[in-house]
């Protein structure tokens, strides 16, 4: 998948001290991309927008032990 046009933004829940940083790109047609900001050239997870919305809603509802 070509991610050259991805506009990455850091999660508001990521720590500001260089630690656990997640970046999301939701500007691409039909996909939401997620990566580790410490390894931008590493693996990227790709979700359908509906899957991503369901995941975020589950996090906000406390469905996961995080």
- Message: Suppose the filter is in a loop (DSSP other than H, G, I, E, B), out of contact with any strand residue (DSSP E or B) (no Cβ under 8 Å at 6 or more places or on another chain) and modelled with pLDDT of 95 or more; does residue 19 pass it?
- Response: no
- Query: Can you name the condition, by its number, that residue 6 falls short on among (1) modelled with pLDDT of 90 or more; (2) loosely packed, with under 10 Cβ neighbours inside 10 Å?
  - Reply: (2)
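The values are calculated or read from the model by the stated rules, or taken from the named source; none is laboratory data. Keep in mind it's a predicted model, so treat the numbers as computed, not measured. Here the Cβ is made from the backbone with ideal geometry for all residues, glycine too, and neighbour counts use every protein chain on show.
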